[in-house]
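Student: Sharing a structure below in structure tokens format, with a few things to ask.
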Amino acid sequence: VTEYKRSYREHVVREFLRDGEGDASPGESPSIRSHYTALTIAREPRSGHGAEHGAVGCANTSNGPATATITTQTLFRADEDGQTPRVVVLVGAPGMGKTTMVRKVMVEWGEGTLQEQFDCVFCIDCKGIALPKEASVADLVSQCCPHQRVPAGRILDDQKILFIFDGFEALGFSLVQPEAELSSDPREVKPLETTLMSLLKRTVLPEASLLITTRPTALQSLGRCLEGEYYAEILGFSAAMREEYFHRYFENASKADMAFSFARGNEILYSLCVIPIMSWTVCTILEREFCRKKNLLECSKSTTRMTMSYLSQLLKHRDRDNPQVLQRFLLQLCSLAADGIWKHKVLFEEKEIRDRGLDQPDLLPLFLNEKISKEGGDHGKVYGFTHLHLQEFFAAMFYVLEDDEEVVSDLGGLEKDVNKLLESYSESRKDLNVTVQFLFGLVSQKSIEYVGKTIGCRISPQAREELLKWLRGRHRGISHPSQALKISELDTFHFLFEMNEKSFAQSALGCFSDLYLQDVKLTLCDQMALSFCIQQWAGLGCVTLRGCSFHQQDPRVELDALVPCAGASGAGGCPGAVAELRQEELHCPIHLLCRALQHPGSALRVLRLQWCRLSESCCAELAALLAEHPSLAWLELGDGMLGDRGVRLLCQGLRRPGCRLRVLR
């Protein structure tokens, strides 16, 4: 057993130290030691309220105390009540750094840092591992070190074992299993779903610890099968961490300073860099073309344009004399990506690469990283996209790129139906969210022109009409026939913000009159998307936000959170009655919302901000809204945190001649 553990630790360090995903330019793979940058993470036990409304793990970080830089070594430390968590769910959006943190945990354990906490750590990659249909817990452990015979009985008898499930949402099967079928024996072979549920429900190896990384979309179903779990939500890079990441990426201090200054000077770009994959994308683009700042500025308004800029850099000097070869390669690459997204698959066999004609040594390494097969031996090579985010981008391209009949007949039978993708997303496949967001970004007029000019491919204009029809239809279906048509899905605003096309947003929103969101933690990115859409929404008459919180990205550095706000809102100074309170504005979490609601032509009549934890810092903005809005007649503030000073500020707005309010609750 001692010899196995020593050998396994060496294997873990080799496997996870240089298996980069999104940390480097294609073809490179830096050490996790040199590039890993700490993340801002909020940790809290699950609350009944969160579980009930599907908002599990969404800490209210605007209040500060729950937010901390939790390290790999403190994930399983005791909390303030002395309770040591046995199950930690690490939640984060795509590209937030969940897998990178898992790599860091594995390397630190392999190098001895975490061995006081755990005798053994086993990582199950839900996104990429070739999971069998039937397996015991001992079989899963064996897959973690495929070249050695595992003394499973002795290993699994250890009291301090950590199982890591990375990318839990990719498993894609039901978490509902009859209690009677769950296993208590780690050597008992059961259907994979049953074995995994036995670990989650702790009927097998109840003393083991679990670390589960997942996108937010899987939280509701996951929360129903766990007990006593803690949630750690990755909020991304704080201001200091972003700067540190740039310096770690470039290593050369003067280059890092130049790159960071450039990113810091562009408000929207800088706010996007809170997402680690965006910091990586910006650094990659700046590294490849340091002097052409204009191009970066043009592409920095959306994730899609950032990714397209990165793609154009990769293809800059490739196949200019024979564009058909490149176009055919891209079409097949997009087909492979889409096929993988449908099948929850991120690793592709060498045969799949050959069958699609992707085995081109000058192009393949730009997009796919060669990885060592888990089975070892003569099983051949396997390939994966540089980052899941990029696979999702190419999957979206598959649905919107025009192609000739010869290529269509050779795309492996995958149906190129945008409506099928959208319907699957609406019904059950919430993991398709990023792919759908890229769809909207790709069919913008600027994207169509950019793809045609830089890559030489055509994007179908028909896809725009299908997306518009779907957006209108999905909300009509959930609105009650006797009530006003309302939008109650936050993702709609992200899709329209990604496209960033005013006329399209106006068409999509034009038939709706109400906005209703409940129990949503509105991040800075959420607020930017919401602000953009409200400014294009001429017919918006009623806004209801119930139990929502307005999150400032880093409460310890207010200016960082709010400088982007001013740029995104498109508004200048403070209006009339509260012009002297400009400093207050820096601490106002509803600044973006109020600015957006003051856009020319706004028909807003009713504003309900119920149980949104608004403090007196919000009242100056609300007073300005009351003082100048031409149609706002009804305001509800179902909260007891405004304070006397806040109410006095509201009264200043009520006294103004321009105030049209008739009902205050």
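The values are calculated or read from the model by the stated rules, or taken from the named source; none is laboratory data. Keep in mind the model is a prediction, meaning the values are calculated, not measured. No Cβ is skipped: glycine too gets one built from the backbone with ideal geometry, and neighbour counts run over all protein chains shown. The accessibility values were calculated without ligands, DNA or RNA, using every heavy atom of the protein model including side chains. Shrake-Rupley method; radii C 1.70, N 1.55, O 1.52, S 1.80 Å.
Student: With label points built 7 Å along Cα→Cβ from the Cα atoms of Arg645 and Asn322, find their separation and express it in nm.
Tutor: About 7.2 nm separates the two model spin labels.
Student: At 0.36 nm per residue, and after removing the present C-alpha to C-alpha distance, how many nm does the segment from Val606 to Glu636 gain when stretched out fully?
Tutor: Full extension from Val606 to Glu636 adds 10.0 nm.
Student: Could you look at segment 323-468 and say what percent of its accessible area is carbon and sulfur, using a 1.4 Å probe and all protein chains? Each step should come with its number before you reach the end.
Tutor: Values: 3100 of 6360 Å².
Reported share for carbon and sulfur atoms: 49 percent.
Student: Can you sort Val189, Val382 by 1.4 Å-probe accessible area, starting with the largest?
Tutor: Working: Val189 85, Val382 10 Å².
From most accessible down to least: Val189, Val382.
Student: Given Cβ point charges of +1 (Lys, Arg) and -1 (Asp, Glu) and nothing else, what value in debye, to the nearest 20, does the dipole of segment 323-468 about its Cα centre take?
Tutor: About 460 debye.
Student: Here is a follow-up. On average, how much accessible surface per residue is there in segment 323-468, in Å², for a 1.4 Å probe, leaving out ligands, DNA and RNA?
Tutor: Working: 6360 Å² over 146 residues.
Value for segment 323-468: 44 Å² per residue.
Student: Once you place label points 7 Å from the Cα toward the Cβ at Ser254 and Gln506, how far apart are they in nm?
Tutor: About 5.0 nm separates the two model spin labels.
Student: On to the next question. Sort 421-433, 197-209 by the packing proxy (mean of other Cβ within 10 Å over each peptide's residues), most packed first. Kindly include the intermediate steps, with their values, before the conclusion.
Tutor: Values: 421-433: 17.3, 197-209: 19.2.
Highest to lowest by the protection proxy: 197-209, 421-433.
Student: Calculate, in nm to one decimal, what Ser615 and Ser488 gain on full extension: separation in residues at 0.36 nm each, minus their alpha carbon distance.
Tutor: Length gained between Ser615 and Ser488: 43.2 nm.
Student: Under the 0.36 nm per residue contour assumption, what length would be gained going from the current alpha-carbon distance of Leu664 and Val176 to full extension?
Tutor: Extending this stretch completely gives an extra 171.0 nm.
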